[in-house]
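The values are calculated or read from the model by the stated rules, or taken from the named source; none is laboratory data. None of the values given here were measured: they were computed from a predicted structure. Positions of Cβ are backbone-derived with ideal geometry, glycine not excepted, and every protein chain shown enters the neighbour counts.
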Amino acid sequence: MAELNAFAMAQQQFDEVADQLGLDDGVRAILRWPLREYHFRIPVRMDDGTIKVFQGFRVQHNDARGPCKGGIRWAANETADTVRALATWMTWKCAVADIPLGGGKGGVVVDPATLSVAEKERLCRGWVDQMWKNIGPRMDVPAPDVGTTPQMMGWMMDEYSKLVGNYTPGVITGKPLGGGGSLGRTEATGFGVIYTVREALKHLGIDPKRTRASIHGFGNVAQYAAIGFIEMLGGQVVCVGCWDRHERRAFTYSKDDGVDPHFLLTITDQYGTIDKDKAAAAGYRIEDADAWISKDVEVLIPAAIEGVLTGETAKAIHPNVKVVAEGANGPTTPEADAILKERGIFNIPDFLCNAGGVTCSYFEGVQNDMNFYWSREEVLAKLDQKMTVAFHAVKDMALSRGVYMRNAAYMVAIDRVVKAMQLRGWV
Ligand code: GLU
């Protein structure tokens with residue numbers, strides 16, 4: 001993964017479709033790079049009294065369709081380029097989901113597991129202290145991502161509200177329930193993945209009850225993708241794969257008669273590390289990090305981090321795999337894409353597949369604005385409808401232009417963003 005530069009990958013994907021669309025040079029120049037970015041240092045008083053300074057980022061890629069939108073990641077290996085890539089993908093994600101928002105992403109270079117609760121709170125407030133003049137419900141609305149939680153969103157909303165002197169829940173989404181959050185937000189990304197898998201299987205004429213899935217990850221997205229695959233589609237999940245923070249390496253947790261995500265949740269800590277002894281005692285096989293890739297399943301769901309399916313690892317994909325559903329952002333490199341294409345595997349590209357999270361974030365913002373909250377059923381029904389429409393828009397584009405699903409998703413998204421730029425007179 002060391003060789004992967006996520007932003008170069010995002011630009012490469014964009015360039016390919018820009019060529020296919022014959023996009024104007026000026027339009028390309030706007031969309032290949034973020035419109036604005038902020039790099040800042042966040043001083044935090046640690047519990048032992050010392051001051052530590054953390055590197056923070058916020059990248060605002062494009063706001064032609066509405067305020068920038070996207071999560072904040074806390075990761076030890078965060079760089080300006082990972083944040084740029086993720087911000088770019090958010091522009092395409094909001095456009096493909098057809099929600100009136102643009103793309104942004106934030107980051108902090110930190111391993112959250114190294115901080116106490118109080119230090120996390122101070123780092124959250126410190127991030128807002130640096131950025132509050134450049135975010136807001138009509139400007140740029142952050143949310144959780146890898147390494148951040150609803151509680152952190154609550155602290156950040158509080159800090160912003162204090163600084164502007166007004167309760168402003170709509171400045172950030174993914175907030176806790178009772179603190180301005182929306183019902184359904186926790187499960188939204190994982191369930192959204194499953195709505196698109198359901199539509200893909202229908203399109204391919206495959207009975208979901210006869211399918212098995214292999215899932216990479218066991219964080220928020222993977223957990224609810226696993227629950228949804230079993231409970232909504234009636235399929236079986238043969239494994240999940242995830243990071244062990246004690247051993248600083250990943251493992252795959254397999255069970256031939258199907259994993260039970262509800263049980264696994266009871267033995268998973270707050271950072272997503274599964275207790276290996278308890279898993280083994282319950283009959284789980286603990287395998288190598290990459291074992292999930294070669295499982296004999298119909299559906300592969302990479303739902304953790306970017307760059308896991310590469311030109312090398314994708315060769316191990318089992319011949320029975322029919323669908324790759326990208327719950328993570330950027331899990332498939334362009335070299336792996338070539339292998340999927342050649343083997344005729346149906347791809348549900350990341351910014352379509354995992355758009356459920358930001359779509360529910362949009363619903364959260366709408367509820368904050370009107371100060372009236374929907375039931376979980378209403379939220380999930382609206383989410384299903386948005387995801388289903390988005391899936392079919394991309395699938396129809398793929399069929400009508402004879403292109404790969406990822407390129408079709410780019411075409412739908414770029415078209416909508418360019419149209420907004422034209423309507424606003426930018427191009
Ligand atoms: N971090 C999530 C994503 O990558 C959600 C973003 C949001 O809700 O704004 O889509």
What number of residues in the stretch 126-141 are touching a residue at least 12 places away in the same chain (Cβ under 8 Å), assigned to a helix (DSSP H, G or I) and surrounded by fewer than 21 Cβ atoms within 10 Å (Cβ to Cβ)? 4
Residue within the stretch 395-409 that is part of a helix (DSSP H, G or I), crowded, with 20+ Cβ neighbours inside 10 Å, within 16 Å of the ligand (Cβ to nearest atom) and at pLDDT 95 or above present: yes
Could you check, for the stretch 82-93, whether at least one of its residues is in a loop (DSSP other than H, G, I, E, B), touching a residue at least 40 places away in the same chain (Cβ under 8 Å) and buried (at least 24 other Cβ atoms within 10 Å of the Cβ)? no
What pairs can you find where one residue is in the stretch 337-361 and farther than 15 Å from VAL389 by Cβ, the other is acidic (Asp, Glu) and within 16 Å of the ligand (Cβ to nearest atom), and their Cβ atoms are less than 8 Å apart, with a gap of 6+ or different chains? ASN347/GLU326; PRO349/GLU326; ASP350/GLU326; ASN354/GLU326
Could you tell me whether the stretch 195-213 includes any residue that is more than 16 Å from the ligand (Cβ to nearest atom), within 22 Å of the chain's Cα centre (by Cα), at pLDDT 95 or above and within 27 Å of TRP74 (Cβ to Cβ)? no
In the stretch 1-48, how many are free of Cβ contacts under 8 Å to residues at least 40 places away in the same chain, in a helix (DSSP H, G or I) and acidic (Asp, Glu)? 3
So, in the stretch 203-215, of the ones that are closer than 18 Å to LEU352 by Cα and in contact with a helix residue (DSSP H, G or I) (Cβ under 8 Å, 6 or more places away or on another chain), which residue ends up surrounded by the fewest Cβ atoms within 10 Å (Cβ to Cβ)? HIS203
Yes or no: ALA76 farther than 22 Å from GLU364 by Cβ, surrounded by fewer than 24 Cβ atoms within 10 Å (Cβ to Cβ) and in contact (Cβ under 8 Å) with a residue 60 or more places away in the chain? no
Of (1) within 15 Å of the ligand (Cβ to nearest atom); (2) part of a strand (DSSP E or B); (3) of a type in the set (D, E, K, R), ARG65 fails just (2)
GLY330 under 18 Å from the mean Cα position of the chain (by Cα), within 16 Å of the ligand (Cβ to nearest atom) and not in a helix (DSSP H, G or I): yes
Report yes if GLU364 is among the acidic types (Asp, Glu), within 16 Å of the ligand (Cβ to nearest atom), under 23 Å from ALA87 (Cβ atoms) and touching a Pro at 6+ places or on another chain (Cβ under 7 Å), otherwise no. no
Confirm whether GLU326 is modelled with pLDDT of 95 or more, surrounded by fewer than 23 Cβ atoms within 10 Å (Cβ to Cβ) and among the acidic types (Asp, Glu). no
Somewhere in the stretch 142-151, is a residue free of Cβ contacts under 8 Å to residues at least 40 places away in the same chain, within 15 Å of the ligand (Cβ to nearest atom), of a type outside the set (Phe, Trp, Tyr) and not in a loop (DSSP other than H, G, I, E, B)? yes
If you take the residues in the stretch 105-123 that are outside any loop (DSSP other than H, G, I, E, B) and under 15 Å from GLN55 (Cβ atoms), which one is nearest to the ligand (Cβ to nearest atom)? LYS105
Please work out which residue is farthest from the ligand (Cβ to nearest atom), limiting yourself to the stretch 182-194 and to residues that are surrounded by fewer than 24 Cβ atoms within 10 Å (Cβ to Cβ) and in a loop (DSSP other than H, G, I, E, B). LEU183
Just to be sure before I move on: is GLY307 surrounded by fewer than 24 Cβ atoms within 10 Å (Cβ to Cβ) and either more than 17 Å from LEU201 (Cα to Cα) or within 16 Å of the ligand (Cβ to nearest atom) (or both) in the structure I sent? yes
Scan the stretch 192-206 and report the pairs whose first residue is within 22 Å of ASN220 (Cα to Cα) and whose second residue is buried (at least 20 other Cβ atoms within 10 Å of the Cβ) and of a type in the set (S, T, N, Q), with Cβ atoms within less than 8 Å and a gap of 6+ or a chain change. GLY192/ASN354; GLY192/THR359; VAL193/ASN354
Going through (1) within 16 Å of the ligand (Cβ to nearest atom); (2) part of a loop (DSSP other than H, G, I, E, B) one by one, TRP74 fails only at (2)
